[in-house]
1. Conditions first: (1) touching a Ser or Thr at 6+ places or on another chain (Cβ under 9 Å); (2) within 22 Å of residue A:547 (Cα to Cα); (3) away from DNA strand B (no atom under 11 Å from the Cβ). Residue A:170 passes all but one, so which condition is the exception?
2. Against the conditions (1) touching a Phe, Trp or Tyr at 6+ places or on another chain (Cβ under 9 Å); (2) away from DNA strand B (no atom under 15 Å from the Cβ); (3) under 26 Å from residue A:217 (Cα atoms); (4) assigned to a loop (DSSP other than H, G, I, E, B), where does residue A:180 fall short? Just the number, please.
3. Residue A:520 - would you say it is modelled with pLDDT of 95 or more and either assigned to a loop (DSSP other than H, G, I, E, B) or among the aromatic types (Phe, Trp, Tyr) (or both)?
4. Among the residues of region A:555-580, which ones are of a type in the set (Phe, Trp, Tyr) and touching a Ser or Thr at 6+ places or on another chain (Cβ under 9 Å)?
5. Could you check, for region A:234-249, whether at least one of its residues is modelled with pLDDT of 90 or more, closer than 30 Å to residue A:152 by Cα and among the basic types (Lys, Arg)?
6. If residue A:164 passes every condition in (1) surrounded by 15 or more Cβ atoms within 10 Å (Cβ to Cβ); (2) in contact (Cβ under 8 Å) with a residue 24 or more places away in the chain; (3) more than 20 Å from residue A:190 (Cβ to Cβ) but one, which one does it miss?
7. When you look at residue A:257, is it on the phi > 0 side of the Ramachandran plot and buried (at least 18 other Cβ atoms within 10 Å of the Cβ), yes or no?
8. Within the group A:294, A:273, A:357, which residue is of a type in the set (Val, Ile, Thr) and either at pLDDT 90 or above or under 30 Å from residue A:396 (Cα atoms) (or both)?
Amino acid sequence: MVLSNREIADIFDVVGDILQIKGEIIHRILAYRNAADSIRELPRDLRAYAADGELDSIPGVGKIIAEKIQEMLDTGKLDFYEKLATEVPPGVVDILHINGVGPKKAKMFWQDAGLVTVEMLETAAREGKIRDMAGMGTKSEAKILEGIESYKRRKSDTRTPLGVALPAAEHILNHLLELPEALFGSVAGSIRRARPTIGDVDLLVASSTPIPIMERFTTMSEVARVLGHGDKKSSVELLNGLQVDLRVIPPERWGTALNYFTGSQAHNIRMRTLALEGGLSLNEHAFTRTDDNTEILCATEEQVYAQLSLQYIPPEIREDWGEVETAAQSKLPKLIELSDIHSDLHMHTLWSDGTATIRDMAQAARARGRDFIVITDHSRGATIANGLSIERLLAQREEIRTADAEMQPFRVFHGTEMEIKADGELDFPDEILVELDFVVASLHVSLRQPREQITARLLNAIRNPHVDLIGHPRGQLIPDREPADLDMDAVFDAARQSGIALEINSSPSRLDLEAQYARRAIELGIPICIDTDAHAIEELDQMRYGVLTARRGWAQAANIINTWSLAQFEAWVRPRGGHA
DNA sequence: GCCGTTTTCGGCCCGACTGTTTTCAGTCG
């Protein structure tokens, strides 16, 4: 059993936690956490880097951590970690993850009071036994009990999908912007960077009079509890468990603040380092000249980047994945925008498991500015999704051709989302596929097969000359289902050879391919298709999330099939397997 | 523990908020 990237990253995070409780210097701890973050975002397996001798080319991975990764790949475990784990009880690491408890208190509860599980800490707190410990009091006792409640909710819960967090954030922001004191505002943090899942919501509002804005924020009807309440910053937990932080910013300092609170942290550190090289220190308030301490205020983010002689860097790519260096050379790509999208090549109707008719979906897509669509209902093997038999597939074609004829110049094409069956066979024979305008092939079943087996299934679909697109290639479901254990290097190689496209599925519960894979596919010249996979009319609006994900993958319009005109699309799809 | 086009040593972001302090430590982002 070879450990996955994620499993190795998780071990490094626990190593960081244990070292922190032991009182190790913070920078050594951060080194492990940085490496963990970096590993989680890799577009390739660690074993592929190891095979190429390139482990220490991974950002944040040096000689020592590279050796530790190699040990885990070879043996499935890490001696260093197992030794550390005997020094600090595992429950103390859990206690560290309680809001309001840091390494100092976790260590004190453990060593001074023998509290080594969250449950023991909770009991002691309820019995009034921790309020007399050093630096503690009744308020910190209450705060820790609240932190334990929140910890229990989080344990059962997971990170919040972008598709939940972004609308919630915009709703609250608009509520605050109704106040005359609020000049303008923005969602910030990981939502603005469009990460697939987010931990908490960061909002910024520009104003010179923060008090009424904070007042409205902390008294909103959806607030469950106020975690903090100040002039510049307040935090609340909503009834749905989401934590929201609001900062009120003087408008003349908006640019540095929005930049700072959008992150990512790694991007910020890169920016600050660059500023220092030019004799400027940068924080959320301003640039400060290090020689005479005079401030340079930036009212816009454009000014922040211009001050550092950088191209403006869109928030979606602020991950320290090379964007600062590229911006310094003025070589950032012009990222795709929603308005570039002309088609939607993957959607469902009442014929399988959708909730609308072909005509309704087509009209709704046209109303959203699309020029053409492909109807791709499920194939016969997807029985639970009411998949189409060959007979029904052929009957559906009549209805699609009628809608197509009626709606011209808008076009409605006939496709399928075909099952890649558990044994690797495709669900329709070639003589049926050749009748279709467009073929999407997707994995839905037996996603937990061993790597070789499931990779071979996908490669078989990629190599079929009638398949045009692989739908949601990795098979993840956000936030709960891990992706399939695919050899993505092999997938990309095969896709490049056969000339097919890979999908960015826009559904907030998929966002698959994720950005780092999309970026690698684009670098390899593989066309990408952003689809909604809509099962209902309103899901056609989810294209927004797919475009954000593509932007995170540094995609330009030309990389994305559904920015192409009808003529370009037909020129690409026709030679592929001789579609009609 | 990582990193480097001023560096292989000496940095590594730092301000806001809270609660317990009597001038500051811990935590968080």
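The values are calculated or read from the model by the stated rules, or taken from the named source; none is laboratory data. Given the structure is predicted, the values throughout are model-derived calculations rather than measurements. Please note: Cβ atoms are built from the backbone with ideal geometry, for glycine as well, and neighbour counts cover all protein chains shown.
1. With respect to (1) touching a Ser or Thr at 6+ places or on another chain (Cβ under 9 Å); (2) within 22 Å of residue A:547 (Cα to Cα); (3) away from DNA strand B (no atom under 11 Å from the Cβ), residue A:170 is out only on (1).
2. Condition not satisfied by residue A:180: (1).
3. no
4. A:564, A:569 - these are the residues of region A:555-580 that are of a type in the set (Phe, Trp, Tyr) and touching a Ser or Thr at 6+ places or on another chain (Cβ under 9 Å).
5. Yes, some residue in region A:234-249 is modelled with pLDDT of 90 or more, closer than 30 Å to residue A:152 by Cα and among the basic types (Lys, Arg).
6. Only one criterion is unmet by residue A:164, namely (3).
7. When the stated conditions are applied, residue A:257 does not pass them.
8. Being of a type in the set (Val, Ile, Thr) and either at pLDDT 90 or above or under 30 Å from residue A:396 (Cα atoms) (or both) holds for just one of A:294, A:273, A:357, which is A:357.
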